[in-house]
1. State the answer as a single residue: which of Ser40, Ala14, Phe68 lies farthest towards the positive end of the charge dipole of the chain, with beta carbon charges of +1 for Lys and Arg and -1 for Asp and Glu, about the Cα centre.
2. Where a Cα-Cα gap under 20 Å defines reach, which aspartates and glutamates qualify for Lys87, not counting those fewer than 8 residues away within the same chain?
3. Largest first and in whole Å, what are the equivalent-ellipsoid semi-axes of the chain based on the Cα gyration tensor, each being the root of 5 times an eigenvalue?
4. Let me check something: with ligands and nucleic acids excluded, how do Trp36, Trp53, Trp113 order by accessible area (1.4 Å probe), largest to smallest?
5. How big is region 1-63 by the Kirkwood estimate over distinct Cα pairs, in Å?
6. Work out which trypsin sites (Lys or Arg not before Pro) in the chain are exposed loop sites (DSSP not H, G, I, E or B, at most 16 other Cβ within 10 Å) and give the longest gap free of them.
7. Treating cross-link reach as a plain straight distance, find the lysines whose alpha-carbon is under 29 Å from the alpha-carbon of Lys76, omitting any fewer than eight places away in the same chain.
Amino acid sequence: QVQLVESGGGLVQAGDSLRLSCAPSGRTLSNYDMGWFRQSPGKEREFVAVISWNSAITSYADSVKGRFNISRGNVKNTVYLQMNSLKPEDMGVYYCAARTGGPSTSASAMHYWGKGTLVTVSS
């Protein structure tokens with residue numbers, strides 16, 4: 001069982017940056033492929049970014065490509081999402097998720113989820 005804890009959300013203005021963190025409660029995330037997803041009111045949860053267990057593979061949604069960066073840290077392999085040039089359409093609850101067996105952009109393929117952190121972007 002993997003418990004994930006997201007942090008770093010908040011209220012920012014359009015054009016600002018935020019860095020989200022996803023840390024494990026207990027075991028390291030070194031063996032897991034990790035993803036960030038987001039959900040806005042009235043919308044389905046959507047893929048944002050994914051990184052493989054060894055950081056060899058990353059993938060981004062077209063809407064965030066060039067602005068967001070997913071990476072892994074050294075402490076328990078905490079996963080980060082650096083978000084630059086934020087837009088109002090980036091608003092939502094951002095969820096960290098983990099799986100084994102290869103990175104996936106599908107929410108239904110993820111095995112473990114955090115409770116989310118809220119990102120609000122004012123125009």
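The values are calculated or read from the model by the stated rules, or taken from the named source; none is laboratory data. Everything numeric here is computed off the predicted structure, so don't read it as measured data. Note: ideal-geometry Cβ built from the backbone for every residue, glycine included; neighbour counts use all protein chains shown. Note: accessible area is taken over every heavy atom of the protein model, side chains too, but ligands, DNA and RNA are not part of it. Shrake-Rupley method; radii C 1.70, N 1.55, O 1.52, S 1.80 Å.
1. Looking along the dipole axis, the top candidate is Phe68.
2. Straight-distance partners of Lys87: Asp16, Glu44, Glu46, Asp62.
3. 22, 14, 14
4. Trp53, Trp113, Trp36
5. With all distinct Cα pairs of region 1-63 included, I get 13.6 Å.
6. Between exposed loop sites, the widest span is 77-114.
7. Lys65, Lys115
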